[in-house]
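**Student:** Would you mind keeping the following structure in view while I ask a few things?
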Amino acid sequence: MNGSKMNGILYVVATPIGNTEDMTGRAKRILSEVDIVASEDTRVTQKLFNILGIHNKTVSNHKFNEKLKADSLILALTEGKNVAIVSDAGTPCISDPGGVIVKAAAAHGIKIESIPGASSVITALSVCGMTFDSFAFSGFLPKEGKEIKKKIEAARKSGISVFVFFESPKRIKKTLTILAAETPEAELCLCNDLTKMFERIYRGKPEEILTELSVNPAAEKGEYTLILEFGLNESQKMGLLTDSVSQSPESMLVDYIIKNDSSLKEAVGALAKTHKGTITKRDFYDASLNLKALFGKGEDCGQGPQ
């Protein structure tokens, strides 16, 4: 309340991530009726309004001015005006502006309503073909290779098997190259231009998807949503115990060779990658020497970890 005047309502409105037919009737009505539409980019929002026949004015509310805009938007709400916030595509506040004004509105006791709709995170998860009970969303991956490796390693050690990331089309090949080196056994679902005319979905291991992208001349166009399924499921697929401490490196090598019909050298390389960060390649190499001593010389396992 502000005197005798009721507060307005803050609407968090999802917009299409590509196909404008995904705009809900409720979202269209709210954006037509509110007093103020605060948008991430007024030019992008105006194009959408023109397509949908919405006649309303917009004000900017992007990541560089969001804190400054919050005061004026809260003032408008306390004066009884209704405000809608939209991002360029999808649901506001999900790696997009909106969180600052929502937090401020909640602190002022202003009613906040979600007008649900498209989200690239949920859309990608729904078509990834993976089975999971939980997942983690981690936004855009860092720009630097070293930081990407840190992010992936932290995700792998988290105990959460499925992660969702956003990635730029200009960096996607670099990121896949890193994934191929750091977590080659991971299962990926890479979604490009979801709901748009040239939507494309890649599924497979990092190296496989990188090969597909390399022959696609349009690979550096459109945004990417990456679903990454980590190690616990992979360990189960290979018949390994998820708690690697309960097995010796020697027994893990034997188990892998039997179940995958592989050589000792191949087993050392594969297990070293799968258990990177918990069991070193040197441990597996030393274990292979122990096995050779037990069962005879056998094959050459290489020159040790490089």
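**Student:** Give me the dipole magnitude in Debye, nearest 20, for the chain about the Cα centre, with unit charges on the beta carbon: positive for Lys and Arg, negative for Asp and Glu. Don't jump to the answer; show the numbers that get you there.
**Tutor:** Details: 38 positive and 38 negative charges, 167 e Å.
Value, rounded to 20: 800 debye.
**Student:** Hey, another quick one. So, in nm, how far is label residue 251 from label residue 52 when the simple model puts each one 7 Å beyond its Cα toward the Cβ?
**Tutor:** Result: 5.9 nm between the two label points.
**Student:** Which FRET efficiency, nearest 0.05, do residue 150 and residue 215 yield, Cβ-Cβ r, R0 35 Å? Numbers along the way, then the final one.
**Tutor:** On the way: r = 30 Å, r/R0 = 0.86.
Here the calculated transfer efficiency is 0.70.
**Student:** What FRET efficiency do you get for residue 160 and residue 19 if R0 is 25 Å and r is their Cβ-Cβ distance, rounded to the nearest 0.05? Intermediate results must be reported in sequence, preceding the final value.
**Tutor:** On the way: r = 30 Å, r/R0 = 1.21.
Working from the Cβ atoms, E equals 0.25.
**Student:** Within segment 104-157, list the GluC sites (Glu not before Pro) lying in a DSSP loop whose Cβ has at most 15 other Cβ atoms in a 10 Å radius. Kindly include the intermediate steps, with their values, before the conclusion.
**Tutor:** Working: sites: 113, 144, 147, 153; in loops: 144.
Within segment 104-157, the qualifying GluC sites (Glu not before Pro) (loop, at most 15 other Cβ atoms within 10 Å) are 144.
**Student:** When percent of Cα pairs over 31 Å apart is calculated directly from the model, which label among [x] 46; [y] 51; [z] 37 fits?
**Tutor:** Only one option fits the structure, namely [x].
**Student:** Turning to a different aspect of this structure: Beyond a 30 Å Cα-Cα separation, which of these cross-linked pairs lie in this structure: 69/143; 28/170; 173/196; 111/150? Show your work: numbers first, answer last.
**Tutor:** On the way: 69/143 28 Å; 28/170 33 Å; 173/196 21 Å; 111/150 40 Å.
Exceeds cut-off: 28/170; 111/150.
**Student:** Once you have the Cα-Cα distance between residue 278 and residue 26, take 0.36 nm times their residue separation minus that, and quote the gain in nm to one decimal. Intermediate values should be presented prior to the final figure.
**Tutor:** Details: separation 252, 0.36 × 252 = 90.72 nm, distance 5.08 nm.
Additional length available on full extension: 85.6 nm.
**Student:** Using just the helices of the chain, give the 222 nm mean residue ellipticity in deg cm²/dmol: DSSP H runs with n ≥ 4 each add -39,500 (n - 2.57), and the total is spread over all residues, rounded to 500. All intermediate terms of the calculation are to be shown ahead of the outcome.
**Tutor:** On the way: 12 runs with 128 residues, N = 306.
Taking each H run of at least 4 residues, the total per residue is -12500 deg cm²/dmol.
**Student:** A follow-up question, please. Ignoring ligands, DNA and RNA, what percent of the 1.4 Å accessible area of the chain is carbon and sulfur?
**Tutor:** On the way: 8480 of 15960 Å².
The computed percentage sits at 53.
**Student:** Can you list residues from other chains, or at least 5 along the same chain, whose modelled amide H is less than 5 Å from the amide H of residue 59?
**Tutor:** 37, 38, 39
**Student:** A follow-up question, please. Suppose all protein chains stay in the model; what accessible area per residue would a 1.4 Å probe give for segment 250-296, in Å²?
**Tutor:** Working: 2550 Å² over 47 residues.
For segment 250-296, the per-residue accessible area is 54 Å².
**Student:** Shifting gears a bit: Distance from a point 7 Å along Cα→Cβ of residue 62 to each backbone N in segment 92-115: keep the residues under 19 Å and list them by number.
**Tutor:** Label zone hits: 92-101.
**Student:** For residue 143 and residue 71, FRET efficiency with R0 = 35 Å and r from the beta-carbon atoms, rounded to 0.05? If you can, show how the numbers build up before the last one.
**Tutor:** On the way: r = 32 Å, r/R0 = 0.91.
Computed FRET efficiency for residue 71 and residue 143: 0.65.
**Student:** Which of 135, 61, 36 sits farthest toward the positive end of the charge dipole of segment 1-142, with +1 on the Cβ of Lys and Arg and -1 on the Cβ of Asp and Glu?
**Tutor:** Highest projection toward the positive end goes to 36.
**Student:** Sticking with this structure for a sec: Please tell me the relative contact order of the chain in percent, rounded to the nearest whole number, where contacts are Cα pairs under 8 Å and at least six residues apart. List each step's numbers first, then the result.
**Tutor:** Working: 503 pairs, mean separation 46.4, N = 306.
Normalised by residue count, the contact order of the chain is 15 percent.
The values are calculated or read from the model by the stated rules, or taken from the named source; none is laboratory data. If you're wondering where the values come from, they're calculated on a predicted model, not measured in any experiment. Note that each Cβ is placed from the backbone with ideal geometry, even for glycine, and that neighbours are counted across all protein chains shown. These area figures cover heavy atoms from the full protein model, side chains too; ligands, DNA and RNA do not enter into them. Shrake-Rupley method; radii C 1.70, N 1.55, O 1.52, S 1.80 Å.
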